[in-house]
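Enquirer: One structure follows; several queries about it will come next.
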Amino acid sequence: MSIVIFFHVIAATMFAMTLIIMQLVVSPALAKIPGGPEKEAASAVIQNRWHPIVDTVIIILDITGLILLLTRWHLIGTNIILHVKVTFGIIALLCANLLHFYYRGYKRKLKAQGNVERLAAINRLTEILEKTALITGVLAFISGITFNHSPF
């Protein structure tokens, strides 16, 4: 079980840092780059190099989180901090899974079809999911640190 906890903590740290870096630094910077070959090159780096890493982190968190949820239910049920952590973690992972494994492909399909109106609506929804994942993911991470390092 220690190896599961180890991988969960490492993946959670990477997930929280990725959310912060991508949404608070990279995305705003990318939005300021005017359309053209520079923006396409920057997007290609993110799509080809960064997304596979983040996808792997999300899958590791899904698996380790489910294992910990099933095997540590008795502990989760007795501690309010863990209730909060699990709730925030589930919300963050649901958003991340939707964004990385559903909406990314769906948006590509809409773009290829030229369905600009539907794509704009999906972009607004994905922005909400991104912010929700950012807030709840970081709060889940902080809740986990609080549980493991608090005197309670």
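Quick note: the coordinates plus some simple rules give every number you see, no bench work behind them. No experiment lies behind these values; they were computed from the predicted model shown. Positions of Cβ are generated from backbone atoms using ideal geometry, with glycine treated the same way; all protein chains shown enter the neighbour counts.
Enquirer: Which order do 78, 56 fall in if you start with the one that has the fewest other Cβ atoms within 10 Å?
Expert: Working: 78 9, 56 12.
Exposure proxy ranking, most exposed first: 78, 56.
Enquirer: I'd like to compare 34-45, 3-14, 89-100: which one has the highest average count of other Cβ atoms within 10 Å, and what's the full order after that? Intermediate values should be presented prior to the final figure.
Expert: Values: 34-45: 10.1, 3-14: 15.4, 89-100: 19.8.
So the order, starting with the most tightly packed, is 89-100, 3-14, 34-45.
Enquirer: Test of understanding: in a Gaussian network model of the chain with alpha carbons linked when under 10 Å, which of 101, 141, 15 would top the mean-square fluctuation ranking?
Expert: It is 101.
Enquirer: Tell me the angle of helix 80-98 to the major Cα principal axis of the chain, expressed in degrees between 0 and 90 and rounded to the nearest ten.
Expert: Relative to the chain, helix 80-98 is tipped by roughly 20 degrees.
Enquirer: OK, next. Treat the chain as a sphere of radius equal to its Kirkwood radius over Cα pairs and apply Stokes-Einstein at 20 °C in a medium of 1.002 mPa s; give the translational diffusion coefficient in µm²/s, rounded to a whole number.
Expert: Details: Rh = 16.8 Å.
It comes out at roughly 128 µm²/s.
Enquirer: With bins 5 Å wide starting at 0, give me the P(r) of region 10-59 over every alpha carbon pair, in whole percents.
Expert: The distribution over region 10-59 is 5, 20, 25, 25, 15, 8, 3, 0, given as percents.
Enquirer: Now for a separate question. What does the helix-only formula give at 222 nm for the chain: each DSSP H stretch with n ≥ 4 adding -39500 (n - 2.57), the total divided by the residues, and the result rounded to the nearest 500 deg cm²/dmol?
Expert: After summing the helix terms and dividing by residue count, I get -26500 deg cm²/dmol.
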